[in-house]
Each structure stands twice: as structure tokens, then as C-alpha cells.
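The structure appears below as C-alpha cells.
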Amino acid sequence: MNAVEKLSTEVINKLREAILDADGNEVMAWGKVCEGVINELTVAARGDEGSVPAIFQHMEKGDVVIHNHPGGILKPSGADMQIAGRLGEHGIGFYIVDSDVERVYAVVEPVTVKERRALDVDELAALIEPDGALESAMKDGGFYEFRPSQVAMLRRVADSFNEGRICVAEAGTGVGKSMAYLLPALNWAAMNDERVVVSTATINLQHQLVDKDIPLAKKILGSVDSAFEDCRTVLVKGRGNYVCLRRLSNAVEEQSLFDEENDDLESIKKWSETTKIGTRDDISFYPSTALWSKVNSEGDSCLGLRCKYREKCFVLKSKKEAASAQLLVVNHHLLFSDLAMRLEGAGFDNSVVLPPFTRIIFDEAHNMESSATSFFSSELNLFSVFKQVNRLYSKRRARTFGAVVNLQLEAGAFEEDEKIPGLIDGIKEQMQVLDTAAVEVMSNEFNIRLRRDTEEIFKDAIFPAMLELQKRILDCVHAVENIVRRLDENDMELPVVFEVRMLERRLEAFASVCQSFTLWEEKPGDVFWVERSKSSSGEYFARFVITPLDISQMMRESVFSPYETVVCTSATISVNRDFRFWSARVGLNGFEDREVAASMFKSPFPYKDRVLLGLPEDAPEPNTSEYQSFVEDFTLKLLELSEGRGLILFTSYRMLTETFDVLKPGLDKLGITALKQGDDERTRLLERFKTDTASVLFATSSFWEGIDSPGDTLKVVIICKLPFMVPTDPVIAARMEAVEARGGNQFMEYMLPEAVIRLKQGFGRLMRRGTDSGVVAILDSRMLKKYYGRIFVNSLPETARSFKPSEGILRDCEHYLFRS
């Protein structure tokens, strides 16, 4: 084909000059296509004949890679075909030209990229305004309420899609933020055939989106164009939710006659033969965590397409469904696992954990930092090490199992291989030594951070055991690799080789954790700490953890820079009506590469008319001996007034248990059901709370958010203490010190803002619908007596107030709860 049919005259001349400058050797360039002809050219690389570096990171779908064959023969080489295939998967074309740029051979044509269509913001807004499609949809069942703040947020999100901006939106409870971002997201995905990811922190919100909000949003958009109703959406679960048929088969094979879990294991096996989705929540019974961990899918043991069960694999099936979807609903941890792999070199145009996408919406964005921190941390503990080495080699009675055994069947067993079992035992033995040493060092403490004042403890008791563990791990990896090297070249693609290599990498990662601990001074950006945890059998073990001190740069590189639109929304990301704290934690403060639009959308709920905020002036200081008895006395009196229907939130499980044990007998006499977090599985516990309107739930931790109990179920929320983080937590302590090191105030710039956001979450449990009403009582005198108390008060919605001695508050509560 003549070059003029594919390349403009200007591009032909530019390419000729580049080839001439390279002395006739190979040149690689990439071009932009306009109306079927390449009219823009960028020379990407030069090299000698037959070898040119490939630089594709700046390319987009619809572009074309061009390179010359100096000999004039345009037939593609094997390397050409590999490159062309890889580019073709991403919609990028691949052309070969002669050195005079007179002829061209199109190995792969680029995909035709549709011109993006902008969202009609006014049309979208009209859908949720009076007389719009939302109101019409509600006539079939439901209640429509015009919410100006919802319309304003929808407009801001839609503008961010059109203009490629970062959008930060605090949407008060009742704004209807889900619909405000789903309508633009679904509209954009369907109209421009681009994939959008919606990420949340809780499974409750994911199911609400998939089961309720997205179907309604599609129905509303269908009033504009029925094609929008066909926009495919998929809830993507982490692979740990799926059964792995290969691991299940291995577990069944390895079970002994007297295993206690045999019956459950056989039940899972029978279920796996009939289930269509393969997820844990599809089983008629709930398998124990220990049993499920033996059979669930795991990234570091998955053989992918090399697995003999690939045709029936539930994870691959879910990935195929995700690849066909235009909108994905995921959780933050799953999204960060995908983003981490892209950042490490997988690229932003490839399928990794998720298929490629162009825009992200973070709901429950106040959890972004904690989710990212958790994912980007590295850990080593006795159970994780034992789990991996047992996959390499294990022995039960007279039978041997593991990847090494299977590898020897392929490579042949040699005398030198006999040392593998000993090496495995050596790792286990040394890991036990390290674990025992660390647990003994911590004594009665729950954690210890590696820093100047604890360095000698680590050097004396922990580092020697760690270095020996590192050596034993690497010796074992080397011995296993020697077996791999005996294989014929044709056998290197066997599934067992792939499995062994994955296990080697996992063990090397453990060795790397050991080395990093001993070189901690060279890594000021990380926090090194050890935690004393309790196993399911009640025994203590040590967790060795490395956590990033600051995730802001990671967030910029993995989220805010590469993706065209990023929407971050939550009901609680401002402090004293200011976004600076949250923005700094996630990397948006001082981020000048992109335009960031931050807005607050006020709740339409009539808090001032329907919520009473009670702050008892006579509450003792939380650190005094009188405080506990005050909490017990006030709580019982208020719950008697409210006839139950209460949620009591604590900052520690110890105080929760102590208060529950004291109050339960009195509540029983009043006919009020007392429920305690930890006495039942979360979902069942919340269901009991919702259905029994004469019940009270004592809770802490995760129950400060994610509880949605509208109506008569919940009339009173009692918050015992302001939710300040525990300063003894190693990561929190390190971050506080970092604030001080740069001249800041660790309390005002870190502890206080975190507590305010947490308090707003707890406060938000009461009013879930515009018709709800009740009392929020905060039994912490610091709200009234400390200089920073006004920041807490100003950060909450404006309510009716009762700031007086406790007896006066109780009278106000009685009047408020039973007013006509």
C-alpha cells in the first residue's frame, strides 16, 4: 500500500528525516489519526537495525505505532507480531514502512475512536427536578421530595465528567448523593462507551447501589433514551469471596480421617458442583474463617489460565462479566489492589484486578486514607509464613503434598532435593523463635514501634532472629529454584512451575520485610511496628508490619494524576466546614496538576426541628473515677424515657462491656432488649435491632457508621466519649510526630480533625429520613469546657440544643420525644 494512503505528506517527510538522522537504522514513532490519515507524528525511539526500544506510555486508544524495516521487506517479524498483538488489545494500530517511507504495511489497524459527547447537564438536572422522571418513577411506589442540594451536586459531578476535573463533594445526610453521581456516571458510560468505577467502603452501600439505586437511575435515564437502561453494571467482589476449585480439591485430598471440619468441607464440595456464582454468601451455612481460608481464591496462589479448573473458575467468570460492564461497583480495598499493580508497571490501559477504566467515584471517601494505608502496608506473621511454606511442602502421616512434590514429579527427584523438607522445617522453627521473642518483648503491651528509644530492644531480641529467618527463607528459595532449573525448556510453562514461582516471590517478600526492619533507618517514609494479636485458639502471636507514613504521593500517582475524572464524596469529610484536613491526608492539598472543585451540599433534613442535641454540663471529666457511674446512670434514665430504641456508641470495647453488664439487668426489668456488639454476626445483630423497636444496641468501632435504622427503631443516640484516636497506635503516633516535625500542632492538625469526622459519623446514625426525629446525647464535658469543643459543635448540623445539667436534659428529652 502506498504510504500516502495512510500518512499525510507532512508526516511522511518528518519520518524520512528521522530515519536519515538515525543513519538508516530502525526508528519507532507514534501518530495521531484524523479522518483515516496520520497527521501528527512523535518520534519515540531510535536504535540499531533489528532492535528499537518500545515506548508506549504516552499513547491512547486510536493511535498508531510506526516503524521502518531498513531492508525494505515489510513482512512483520515475530517481535513485530508480539508488539502488534499487545498494542491491538488496547486499540492501538501498528504499521511498518520502508526507509524511504513510500510503502506501508498495516499489521494492525487502530480502533476508530468515537468523539466524546458531553453530558447535557440541564437535561440531567431536569430528571430529578419537580415533574421530572424521578418524580414519575416514585408514583409507582416511593416518595419524591425535591432536593435543591441534590440537583446542585448532580450539576457539579456532571461538569467534572465534561471538563475532566477532580470533584470533592460533601453531601449531608438526605442529599441523595448516590443519585447525584450515578445519573452522570451511567449517562457518560453508556454514551461514550467508557468504563466508570464506583468504589465504596462498606458492603451495605454496595448492595444498596446495585439492588436499589442503580436500577432506579437506569429507569430514570431510560425516559430520555431507552438505550441507557441497557448500561451493564456489575458488583465486583474481592477474590477471597470466591471458592477456588483447585484449592478445594487439594483440601479434600489432604484431609485426614479425623479432621473436625470434614463434614463442612464435603458440604462445600457438593455446593461447588451446583453453585452458579461460587461466593461464600451463596452457601446455605456460613463456613468458619479457618475452613474458608483453606479453599477460597487467593491472588498469590492463582494459576490463572494455566489452571486445569479454568473453564469452571468463578473468579475468571466474574472477570469476564466485569470486562463486559460499563459501570463497576467495588470496595476501596479491591480498587487499591488494582491501582497498586498499575502503579508498579501493569499500566493503566491493561486488565489487572479490574478491567481498564477512565473515571472513578469514591463514595464514603472519608475512608480513603485508611483503606489505602491498609492495602499499602506489608506484613509478616507466623501464620502467613506457615501457610506459604506448607504450600511448598507438607507431610501428613505418610503422605507428602505441595508444589515441590508436584515439581519433582515433572523434573525428577534427586538426592539433593532431600534437604527441602529440612529447609521448610527450619523456616517454621525460626519463625517460631522470632514470634516467641517478639511476644515476650511486648510483655503486657499490645504493640511496640521501632524507633530510637526502642532500637536496642529490637537489636537484642528481634533482629538476630529476623536475619536468621531471612537467610533460611532465601536458602529454601534457592534450593527450590535449583529443581526448576532441571526442567526442560518445554516444561517451563507447566502450571506447577508457575505456582512454584509465585510461592518463591511470596517467600522473598517475607525475606524483604525482615531486611527492611533491620534497615529501618534508611526508610524514613515507613512506620515499622510489631503488634501482639490473639489467634482463634486464644494464643498470642506477633504481627510485624511496615506501614507508609504518608499515602498522599501514592494517591496522586495512582488516582488523581492518571484518571480523567475523580469524584470523592461523603457526608463527613469537612472539619468546621473546611476541607483542608481531608485534602491534605489524601494528597489534594497543594496538588496543582489538576483542577479541583470542592463543594459542600447541605442536608435538606430539618435537624433544627427534629433533632435535640444534649450536652450535660455536670458530666465528670472522662478520665475521672466518677465518669463511668455517671454514664451508667444517665444512660439508663434516658433509655427508660425512650422505651429503648437506642444506640449507645463507645470508643473502647472494655467500657462497652462494663456498661452493658451493669445496665442489662435494669433494662431487662423495663422490658428493653439489650444487644451487644460481638454477641452475634453484624448483619443478624442489626436485623434484630431493627425489628425489635424496644431494643438497645451497645456498640463501638465500625458501628459508628453504616447503620441505617430509620423510623421508630432509633430515637436516641448516646455518644459516651469524643472519638479521639488512641495515641499509642504506632501509625497514629508516627503521623502525629511527623506533624510536630514540620512545625505543626499534632492535636489541632491531626487528632482533633480525625475525631470531628468520626463524631459526625456517629451523630449521623440518628436521622436517616426527613421524617425521623430524636435525641443525640454526648456525655463528654470537653464539648463544653475545652477550647476546641466549639469545633465539634460547629461541625454538626444546626439542631435544637439542651446544654444544661443532666436532670434538665432528661426533662427536655422527655418533652422532645413525646411531643404531639
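Of all the residues that make up segment 778-818, how many are assigned to a helix (DSSP H, G or I) and small (G, A, S)? Please lay out each step first, then the result.
Filtering segment 778-818 for residues assigned to a helix (DSSP H, G or I) gives 782-785, 789-795, 806-817.
This time we only want the ones that are small (G, A, S), so: 789, 795, 806, 808.
Summing the residues that are assigned to a helix (DSSP H, G or I) and small (G, A, S) in segment 778-818 gives 4.
Restricting attention to segment 434-456, the residues that are part of a helix (DSSP H, G or I) and open to solvent by 70 Å² or more (accessible area, probe 1.4 Å) add up to 4. For G587, the conditions (1) open to solvent by less than 60 Å² (accessible area, probe 1.4 Å); (2) within 30 Å of G808 (Cβ to Cβ) all hold with the exception of (2).
Residues in segment 103-118 that are in contact (Cβ under 8 Å) with a residue 60 or more places away in the chain and buried (at least 19 other Cβ atoms within 10 Å of the Cβ): V104, P110.
Mind listing just one residue for me: the one in segment 634-650 that is touching a residue at least 40 places away in the same chain (Cβ under 8 Å) and more than 40 Å from the chain's Cα centre (by Cα) and, of those, farthest from D708 (Cα to Cα)? So that I can check it myself, show each step before the final result.
At the first step, the residues of segment 634-650 found to be touching a residue at least 40 places away in the same chain (Cβ under 8 Å) are 634-635, 637-639, 641-650.
Those still in the list that are more than 40 Å from the chain's Cα centre (by Cα) too: 637, 641.
Details: K637: 25, L641: 22 Å.
Per the stated criteria, the residue is K637.
Taken over segment 806-820, the criterion of being open to solvent by 70 Å² or more (accessible area, probe 1.4 Å) and touching a residue at least 60 places away in the same chain (Cβ under 8 Å) is satisfied by E814 alone.
Suppose we filter L469, L450, L423 for residues that are under 30 Å from E521 (Cα atoms) and touching a Cys at 6+ places or on another chain (Cβ under 6 Å); which single one remains?
On the way: L450 fails: touching a Cys at 6+ places or on another chain (Cβ under 6 Å); L423 fails: under 30 Å from E521 (Cα atoms).
Checking each option against the conditions leaves just L469.
Of all residues in segment 767-777, exactly one satisfies the criterion of being surrounded by 24 or more Cβ atoms within 10 Å (Cβ to Cβ) and either without any contact (Cβ under 8 Å) to a residue 60 or more places away in the chain or assigned to a loop (DSSP other than H, G, I, E, B) (or both), namely M767. Put simply, of F258, F228 the only residue that is buried (at least 17 other Cβ atoms within 10 Å of the Cβ), at pLDDT below 85 and not charged (D, E, K, R) is F228.
Which one is most open to solvent (accessible area, probe 1.4 Å), of the residues in segment 1-45 that are part of a loop (DSSP other than H, G, I, E, B) and more than 21 Å from G72 (Cα to Cα)? Write out each step before concluding.
So the first thing to find is which residues in segment 1-45 are part of a loop (DSSP other than H, G, I, E, B), and the list is 1, 6, 8, 22-26, 35-36.
From the residues that got through so far, the ones that are more than 21 Å from G72 (Cα to Cα) too are 35-36.
Numbers: E35: 179, G36: 49 Å².
Looking at residues that are part of a loop (DSSP other than H, G, I, E, B) and more than 21 Å from G72 (Cα to Cα), I get E35.
Here G240 passes the criteria (1) in contact with a strand residue (DSSP E or B) (Cβ under 7 Å, 6 or more places away or on another chain); (2) modelled with pLDDT of 90 or more; (3) within 24 Å of H332 (Cα to Cα); (4) part of a helix (DSSP H, G or I) except the one numbered (2).
Of the residues making up segment 141-177, those that are polar (S, T, N, Q), under 24 Å from R768 (Cα atoms) and at pLDDT 95 or above number 2. Any residue in segment 514-533 that is within 16 Å of R735 (Cα to Cα) sitting within a Cβ distance under 6 Å of a residue that is hydroxyl-bearing (S, T, Y) and crowded, with 18+ Cβ neighbours inside 10 Å? List the pairs, counting only those 6 or more apart or interchain. Qualifying pairs under 6 Å: V527/T547.
In the set K294, K276, which member is closer than 30 Å to S537 by Cα and either under 23 Å from the mean Cα position of the chain (by Cα) or open to solvent by 20 Å² or more (accessible area, probe 1.4 Å) (or both)? Steps first, answer last, please.
Details: K276 fails: closer than 30 Å to S537 by Cα.
Answer to the selection: K294.
Could you grab me the full set of residues in segment 534-545 that are touching a residue at least 60 places away in the same chain (Cβ under 8 Å), open to solvent by 40 Å² or more (accessible area, probe 1.4 Å) and farther than 18 Å from S377 by Cα?
Listed by number, the residues that qualify are S536, Y540.
Checked against (1) under 18 Å from L779 (Cβ atoms); (2) acidic (D, E); (3) crowded, with 17+ Cβ neighbours inside 10 Å, E705 passes all but a single condition, namely (1). Scanning segment 156-171 for residues that are surrounded by fewer than 18 Cβ atoms within 10 Å (Cβ to Cβ) and touching an Asp or Glu at 6+ places or on another chain (Cβ under 9 Å) yields a total of 2.
Just name the residue that is modelled with the highest pLDDT out of those in segment 651-702 that are aliphatic (A, V, I, L, M), in a loop (DSSP other than H, G, I, E, B) and open to solvent by less than 50 Å² (accessible area, probe 1.4 Å).
Applying the first criterion (aliphatic (A, V, I, L, M)) to segment 651-702 yields 655-656, 662-663, 667, 670, 672, 674-675, 685-686, 694, 696-697, 699.
When the remaining residues are screened for being in a loop (DSSP other than H, G, I, E, B), the result is 670, 672, 694.
Then keep just the ones that are open to solvent by less than 50 Å² (accessible area, probe 1.4 Å); that gives 672, 694.
Numbers: I672: 96, A694: 93.
The extreme case among them is I672.
Residues that are closer than 12 Å to T569 by Cβ and not in a helix (DSSP H, G or I) within segment 167-200 comprise C167, V168, A169, E170, A171, G172, V175, G176, V198, S199, T200, listed in sequence order. Residue pairs whose Cβ atoms lie under 9 Å apart, sitting 6 or more positions apart in sequence or on different chains, and linking a residue in segment 412-428 that is open to solvent by less than 40 Å² (accessible area, probe 1.4 Å) to a partner that is modelled with pLDDT under 70, are D417/A411.
Taking segment 67-85 as the range and being open to solvent by 30 Å² or more (accessible area, probe 1.4 Å), of a type outside the set (S, T, N, Q) and either assigned to a helix (DSSP H, G or I) or more than 19 Å from A29 (Cβ to Cβ) (or both) as the test, the residues that pass are I73, K75, G78, A79, M81, I83, G85. The number of residues in segment 765-820 being among the aromatic types (F, W, Y) and within 22 Å of S603 (Cα to Cα) comes to 2.
The requirement of being more than 24 Å from S371 (Cα to Cα) and either assigned to a loop (DSSP other than H, G, I, E, B) or of a type in the set (S, T, N, Q) (or both) is fulfilled nowhere in segment 206-220; no residue meets it.
Residues of segment 546-569 that are buried (at least 22 other Cβ atoms within 10 Å of the Cβ) and out of contact with any Leu (no Cβ under 6 Å at 6 or more places or on another chain): I551, M555, V559, T565, V566, V567, C568, T569.
Inspect segment 597-604 for any residue being under 23 Å from the mean Cα position of the chain (by Cα), outside any loop (DSSP other than H, G, I, E, B) and in contact (Cβ under 8 Å) with a residue 24 or more places away in the chain and give the result as yes or no.
Within segment 597-604, one or more residues are under 23 Å from the mean Cα position of the chain (by Cα), outside any loop (DSSP other than H, G, I, E, B) and in contact (Cβ under 8 Å) with a residue 24 or more places away in the chain.
For segment 473-508, how many residues meet the condition of being open to solvent by 40 Å² or more (accessible area, probe 1.4 Å) and among the aliphatic types (A, V, I, L, M)? Total satisfying the criteria: 3.
The values are calculated or read from the model by the stated rules, or taken from the named source; none is laboratory data. Please read these numbers as outputs of a predicted model, since none were measured by experiment. Virtual Cβ from ideal backbone geometry, glycine too; neighbours counted across all protein chains shown. What goes into the accessible areas is simple: the full protein's heavy atoms, side chains included, and nothing from ligands, DNA or RNA. Shrake-Rupley method; radii C 1.70, N 1.55, O 1.52, S 1.80 Å.
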